[in-house]
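Presented below is the structure to which this report refers.
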């Protein structure tokens, strides 16, 4: 219940003594007081239990994600959320924000022993509203404003040196066996011994919503290993044909060491990505009073329009309760879909889940 301030009419009684005779009291009439439209302030703390699903990626390497709120909360370092509104008459200014900082370490099979993931996500909204309808049963507002999204992601690779040494030796042995065979397929050998052991870098279904920043590393490692082997294959083939086994062993050991060094260097790197965008939004929100204490509320907006995102859609519906004169609570569900494309970056993600809000009216 909003706290309203009004000017209470003041009545002054003027006692004017007569110059002669009995004193006479006169009442001076005041014009009726004009009520002042109250300022209304609302502050709430939304607790959004966010699940994340969708597709995101870099430079054509995209990962599918379906991450439940339990995983996200387990790896969350810090989270903050706040919503507020200042209303005067039919007009109001509204705003809210959500900030999330999360980290996760993921053990992986193959040539990379672990991935260190980091995420910083900020979503802030600000807008103005105009009350189109208002009555005893509820109200309806028109909204317009903008939504700001900031995204920071990090991926750190931890090389599995033992697996790298074994894979490098196996690859060079395979190369030596086929060195004197015309038309041997080096790409297939590298695919078998290296590429197939780097699938974790594709970033499918991570524990927190971080895209495959290292998704192009397998391709880059493949090309570098191919050039390295092609450069030394003629010398190795000549030693094999000459039957110089000591020389063959020496060349194989050197090549295996070079491949291992290449993999060790490329698989111990860190990658980071930062981007932000602003979406204009327009929408409606309303409330229907079920009783003196309970009500239904909903909000819907659409934005982007190619200015920031291609399209951004948000929906919210909740059952609310006015617990005391100033304290309220809402239990509902929020859905936010964002389709944003930047240079070499794709972000088609849906954030959705239950939301519990506790707030105050002043």
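Rule-based calculations on the coordinates, nothing more; no lab input. For clarity, every value in this text was computed on a predicted model and none was experimentally measured. FYI the Cβ positions are ideal-geometry reconstructions off the backbone, even for glycines, and counts take in every protein chain you see.
Does region 102-159 come out rounded, prolate or oblate by the C-alpha gyration tensor, with a ≥ b ≥ c the root eigenvalues, rounded set by a/c under 1.5 and, if not, prolate when a/b is larger than b/c and oblate if not? Write down the numbers at each step before the final one.
On the way: a/c = 7.42, a/b = 3.85, b/c = 1.93.
Note, shape of region 102-159 comes out prolate.
Relative to the longest principal axis of the Cα atoms of the chain, the long axis of helix 161-177 lies at roughly 40 degrees.
If you run the Gaussian network model on the chain, springs between alpha carbon atoms under 10 Å, then out of 143, 226, 111 the most flexible one is 226. Computed from Cα atoms, the angle from the helix 217-242 axis to the main principal axis of the chain rounds to 0 degrees. For the chain, a Gaussian network of Cα nodes joined below 10 Å ranks 87, 287, 325 by mean-square fluctuation, and the top entry is 325.
Largest GNM mean-square fluctuation across 231, 127, 283, computed for the chain with C-alpha springs under 10 Å, falls on 231.
Counting 0.36 nm for each residue step from residue 74 to residue 275 and taking away their Cα separation leaves a gain of 69.9 nm.
At full extension, residue 219 and residue 161 could sit 18.9 nm farther apart than now, given 0.36 nm per residue minus the alpha carbon distance. The Cα-based radius of gyration of region 159-268, divided by its Kirkwood radius, gives an Rg/Rh of 1.05.
Rank these for me by crowding, 291, 309, going from fewest to most other beta carbons within 10 Å. Provide the component values of the computation, followed by the final result.
Numbers: 291 8, 309 23.
Result, fewest neighbours first: 291, 309.
Pick the calculated percent of Cα pairs over 25 Å apart for this structure from (1) 71; (2) 66; (3) 56? Identified label for the calculated read-out: (2).
Per-residue Cβ neighbour counts within 10 Å put 272, 113, 300 in the sequence 272, 300, 113, beginning with the fewest. Counting only alpha carbon atoms, the long axis of helix 245-266 and the longest principal axis of the chain meet at about 10°.
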